[in-house]
Amino acid sequence: MEATDIEHSLVVEGEFDALSVEIRVPASLHGGVTKKYPAKLHARKVAKALGAQQGVVYLPGQWDVNWEDSDQGPPFRQRRYFYYLTGVNFPGCSVTYDIEADKLTLWIPYTPPATVLWFGNTPSPEDCLARSDVHDVKYTNLLSEYLASRLAKVKTLYVLRASQMPKFAGFDSLKPRLYIDTTSLQPIMDEARVTKCEYEIDMIRKANAVSSTAHKEIARLMYGLSNECQIEGAFLNSCTAQNAHMQAYPIIAGSGANASTLHYDANNEPLAGRQLVVLDAGAEWECYASDVTRTLPIGSVFSPEAKAIYDLVHQMQEECIQRIRPGVMFRDLQLHATLVAVKGLLRLGILHNGTADEIFKNGTGSAFFPHGLGHHVGLDVHDVLSKELLHPAGESMWGKRRPIGPGSLRAMIKQSATRGASSDGNASVSDATVLGGRQHSMLQANMIVTVEPGVYFCRSYIEAYFLRSDQHKNYINQAVLERYWVVGGVRIEDCSELPLESFPPLSSNLTTPEMSREYVLGARLESTTAA
């Protein structure tokens with residue numbers, strides 16, 4: 001029998017003290033997923049949404065930039081709208097899409113030998129064509145000639161914004177006869193980006209796999225770590241060792257009271273004397289983000305208070321994930337998570353002097369769960385249209401970094417009741433009507449969203465806005481609350497994919513580290529035993 005080479009890798013199965021062989025399936029056999037970046041698919045998706053029969057789309061990529069008064073700069077980060085149409089991640093490029101000709105052309109810089117000496121070569125046209133399925137790749141020194149010729153024949157130039165218009169000799173003379181559309185492209189590309197193709201889902205799944213491995217590593221290492229900075233360093237080390245060199249956002253490794261700061265990133269305080277650490281960290285893979293949060297005990301066991309809050313947050317997340325499916329209003333998942341939190345805090349005695357329904361409708365639950373349940377994930381960690389997922393009634397501004405206070409919570413409760421959300425969270429007809437048919441707060445197939453409930457004891461926030469408020473302080477038992485300040489906070493977060501076809505049409509979790517308290521403790525105890 002003739003021997004056959006099979007691509008494989010050896011995988012250590014720590015749980016069973018065994019070695020397994022993992023067969024790597026060729027991409028051609030893997031569900032039809034192409035190895036190439038699907039640039040043409042994305043360009044055609046945008047053109048179809050534009051509804052245009054002719055015109056040229058022009059997007060410049062990012063250039064290398066230096067810090068002020070320095071010859072050094074931040075790590076290169078490609079413009080995400082440009083990347084969406086090209087899959088190219090190096091500086092100095094542009095892309096054009098001729099809608100009528102259906103021709104997507106990538107324009108790349110030529111790298112002279114002197115530059116190669118210092119910085120290495122940039123990909124060649126052949127390299128780019130092997131990586132992305134654009135129609136053609138040309139050098140940027142030919143771009144001005146192309147634009148001057150083609151823009152003289154079409155009626156419309158589409159650019160993302162006025163600051164990104166092309167610059168070449170003769171462009172000013174073309175402007176009087178050319179309609180330059182600076183407003184249509186971004187919202188159309190947002191619509192295109194918010195639902196992911198199979199290639200993108202694979203990239204986000206890979207990013208989540210890298211992050212999941214790193215989170216598992218931290219759980220095993222916790223016994224030997226003494227400072228938040230070591231948690232950050234160990235996470236970065238694990239991701240880099242997996243060839244993921246970029247993080248999707250600054251790592252959050254907040255212990256004790258720092259866990260109650262949602263975007264804490266100092267990561268420089270000792271762990272001694274603290275109960276929990278919230279690790280919110282996710283790597284990028286090929287510019288696609290992941291977003292994963294785990295809360296770990298610093299000692300060998302959870303304190304009774306930490307255990308109670310961890311279990312409550314776990315329940316909030318599990319119940320919301322079970323309800324995720326196309327057609328559900330994300331707002332109603334937010335409200336469900338808040339109601340679960342209120343009921344749990346009532347059981348613990350932190351809330352009192354009212355029923356769960358009464359306290360929930362008063363908005364007091366936002367003292368302890370003060371942020372959105374989640375957001376879209378894609379080329380950005382807080383991907384396009386994330387702010388629309390939870391846009392409360394009567395507010396013109398809403399964003400990830402803005403707390404959901406009592407007013408926002410009451411607005412969402414009123415909105416949900418007025419528009420007749422069903423018991424399973426499915427949207428009513430009036431929901432879609434109010435959103436102008438775009439349904440940005442309604443979940444759709446092939447979206448990827450995070451589900452990240454949390455319960456926090458941020459003393460400054462709670463004391464300033466709730467314990468001094470006649471509307472809320474009567475519902476908060478300060479004597480019981482005193483025992484929980486030391487917990488800091490608990491957050492658990494995973495990325496969920498809404499599949500195109502499944503029965504029942506439930507979400508798929510892209511994150512692999514377990515989140516149950518028993519698993520977390522098992523990982524801690526395993527590391528203790530190993531030490």
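The values are calculated or read from the model by the stated rules, or taken from the named source; none is laboratory data. Since this is a predicted model, take the numbers as computed values, not measurements. Please note: Cβ atoms are built from the backbone with ideal geometry, for glycine as well, and neighbour counts cover all protein chains shown. Accessible surface is based on the protein model in full, side chains and every heavy atom, while ligands, DNA and RNA are left aside. Shrake-Rupley method; radii C 1.70, N 1.55, O 1.52, S 1.80 Å.
Go through region 448-472 residue by residue and tally those that are without any contact (Cβ under 8 Å) to a residue 12 or more places away in the chain, outside any helix (DSSP H, G or I) and either under 17 Å from Ile350 (Cβ atoms) or within 30 Å of the chain's Cα centre (by Cα) (or both).
Residues in region 448-472 being without any contact (Cβ under 8 Å) to a residue 12 or more places away in the chain, outside any helix (DSSP H, G or I) and either under 17 Å from Ile350 (Cβ atoms) or within 30 Å of the chain's Cα centre (by Cα) (or both): 1 in total.
Looking only at region 269-299, count every residue that is small (Gly, Ala, Ser), under 18 Å from Arg77 (Cα atoms) and open to solvent by 10 Å² or more (accessible area, probe 1.4 Å) and tell me the total.
Going through region 269-299 one residue at a time, the tally reaches 0.
Test Gln315 against the criterion of being surrounded by fewer than 18 Cβ atoms within 10 Å (Cβ to Cβ) and touching a Gly at 6+ places or on another chain (Cβ under 8 Å), and give yes or no.
So Gln315 fits the description; yes.
Does Ala248 count as farther than 30 Å from Trp485 by Cβ, open to solvent by 10 Å² or more (accessible area, probe 1.4 Å) and in contact with an Asp or Glu (Cβ under 9 Å, 6 or more places away or on another chain)?
yes
Are there any pairs, at least 6 apart or on different chains, whose C-beta atoms fall under 6 Å, with the first in region 220-241 and among the aliphatic types (A, V, I, L, M) and the second at pLDDT below 95 and open to solvent by less than 40 Å² (accessible area, probe 1.4 Å), and if so, which?
Met222/Arg524
Take region 251-263 and flag every residue that is over 29 Å from Glu497 (Cβ atoms) and either surrounded by fewer than 20 Cβ atoms within 10 Å (Cβ to Cβ) or hydrophobic (A, V, I, L, M, F, W, C) (or both).
Once the filter is applied, which keeps residues that are over 29 Å from Glu497 (Cβ atoms) and either surrounded by fewer than 20 Cβ atoms within 10 Å (Cβ to Cβ) or hydrophobic (A, V, I, L, M, F, W, C) (or both), region 251-263 yields Ala257, Thr261.
Residues checked against (1) within 18 Å of Gly372 (Cβ to Cβ); (2) modelled with pLDDT of 90 or more; (3) hydroxyl-bearing (Ser, Thr, Tyr); (4) in contact with a Pro (Cβ under 9 Å, 6 or more places away or on another chain):
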{"position": "Val455", "(1), (2), (3), (4)": "yes, yes, no, no"}
{"position": "Glu482", "(1), (2), (3), (4)": "no, yes, no, no"}
{"position": "Glu493", "(1), (2), (3), (4)": "yes, yes, no, yes"}
{"position": "Glu497", "(1), (2), (3), (4)": "no, yes, no, no"}
{"position": "Met515", "(1), (2), (3), (4)": "no, no, no, no"}
{"position": "Val520", "(1), (2), (3), (4)": "no, no, no, yes"}
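Give the number of residues within region 456-481 that are touching a strand residue (DSSP E or B) at 6+ places or on another chain (Cβ under 8 Å), closer than 19 Å to Thr355 by Cα and open to solvent by less than 10 Å² (accessible area, probe 1.4 Å).
Result for region 456-481: 2.
Just checking, does region 208-224 include any residue being farther than 19 Å from Gly282 by Cβ and open to solvent by 10 Å² or more (accessible area, probe 1.4 Å)?
Yes - at least one qualifying residue is present in region 208-224.
Of (1) farther than 25 Å from Ala241 by Cα; (2) touching a helix residue (DSSP H, G or I) at 6+ places or on another chain (Cβ under 9 Å); (3) surrounded by fewer than 21 Cβ atoms within 10 Å (Cβ to Cβ), Ala266 satisfies all except one. Which?
Exception for Ala266: condition (1).
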